[in-house]
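Quick notes on the structure that follows.
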Amino acid sequence: MSSSSSTTYSLPLATTFVLLMLYVSNAQLNTTFYSSTCPNVTTIVRSVVQQALQSDSRIGASLIRLHFHDCFVNGCDASILLDKGGSIQLSEKDAAPNTNSTRGFDVVDNIKTAVENSCPAVVSCADILALAAEASVSLSGGISWNVLLGRRDSLTANQAGANTSIPSPFEGLANITSKFSALGLNTNDLVALSGAHTFGRAQCQRFSNRLYNFNGTGNPDPTLNSSYLTTLQQTCPQNGSGTALANLDPTTPDTFDNNYFSNLQNNQGLLQSDQELFSTTGAATVSIVNSFSSNQSAFFQSFAQSMINMGNISPLLGSNGEIRLDCKKVNGG
């Protein structure tokens with residue numbers, strides 16, 4: 001430490017001030033936030049997620065999606081967990097991207113109960129979502145990373161924001177890129193985070209537009225592999241249930257690996273928003289897909305960093321917000 005501080009003294013005062021400001025802004029969330037107040041929090045979260053995975057192979061993907069849909073609306077503040085009622089007139093759970101779609105709220109409640117039993121009124125629901133996302137990935141064969149912690153929970157929800165800010169599977173690549181960019185996430189983050197579709201399921205209604213009448217052409221999406229198309233049409237008949245499920249990754253549906261990117265190269269992306277990463281001519285995303293497909297460790301490293309980047313979106317810090325005692329409602333609500 002002494003050598004670095006002696007270097008700092010020789011820098012101009014303005015530079016030292018800028019470095020200090022950078023240090024302060026980066027020190028807001030940190031990996032040791034609960035080291036004295038709830039040292040076992042990571043282990044507690046992991047054990048509840050592990051238990052949930054035994055009876056529900058989808059739950060890892062569902063939990064990571066909650067964190068994603070939370071962070072894209074007013075930042076990572078657990079606003080997605082708030083039920084309608086009391087001061088919450090409109091819940092994000094009822095927004096179009098979430099209604100009858102987001103799931104895993106019961107597991108979040110189980111985690112919260114276990115954490116409260118060990119460390120009452122200390123750990124935020126927003127941090128629980130971030131920790132549950134990491135556990136979901138690492139327990140499914142993916143990378144582990146040290147989660148930055150110290151977020152606090154919102155007192156409000158933003159249903160309108162959920163309707164406009166969360167990327168849709170039907171959107172073009174340019175729109176999705178701009179939604180990421182608006183939150184400080186770049187193209188590499190977009191491709192890496194899309195790789196979370198290496199596990200989990202999607203309902204037919206999220207991709208059936210590609211199977212029969214794509215963009216009003218009367219034909220399927222031409223970027224769909226023909227044998228994959230046949231399989232999907234069997235899962236999702238034209239007038240069938242929109243809630244039937246298909247694997248996002250047809251090759252290793254419950255394993256966190258880089259097969260998602262090989263699938264895109266084979267025209268086996270399930271959602272329009274998946275396949276466009278590879279099939280959009282001239283897009284900056286294509287070379288990143290190719291890189292992640294050929295090098296799983298490069299994908300894993302990028303994914304962990306992009307999860308950290310996403311987890312850093314507008315957290316509530318210090319005395320802002322609160323530590324909710326029940327993730328579904330504000331304290332006293």
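The values are calculated or read from the model by the stated rules, or taken from the named source; none is laboratory data. None of these values were measured; they are calculated from a predicted model. Cβ atoms come from the backbone with ideal geometry, glycine included; neighbour counts cover every protein chain shown. Just the protein is used for accessible areas: all its heavy atoms, side chains included, with ligands, DNA and RNA removed. Shrake-Rupley method; radii C 1.70, N 1.55, O 1.52, S 1.80 Å.
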Bin width 5 Å, origin at 0, all Cα-Cα pairs of segment 185-310: what percent of pairs per bin?
2, 12, 21, 23, 19, 12, 8, 3, 0
Descending semi-axes in whole angstrom, ellipsoid equivalent of segment 75-204, from the Cα gyration tensor:
24, 20, 15
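Please compute the contact order of segment 185-310 in relative form: average sequence separation of alpha-carbon pairs under 8 Å and at least six residues apart, divided by the residue count, as a percent.
33
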With a probe of 1.4 Å, find how much accessible area segment 185-310 has per residue, and write the answer as a whole number in Å².
40
If you rank F261, F68, F33 by how much accessible surface each has, with a 1.4 Å probe, what is the order from largest down?
F33, F68, F261
Full extension between L317 and S241 adds, at 0.36 nm per residue less the Cα distance, a length in nm of 23.0 nm
To the nearest 0.05, the calculated FRET efficiency linking L325 and N40 through their beta-carbon distance, R0 being 22 Å, is 0.70
Estimated [θ] at 222 nm from DSSP helical runs (n ≥ 4, -39500 (n - 2.57)) normalised by residues in the chain, nearest 500:
-14000 deg cm²/dmol
Distance in nm between S178 and R103 label points, each 7 Å along Cα→Cβ, equals 3.4
Pop out the carbon and sulfur fraction of the accessible area of segment 185-310 as a percent, whole number, probe 1.4 Å.
46
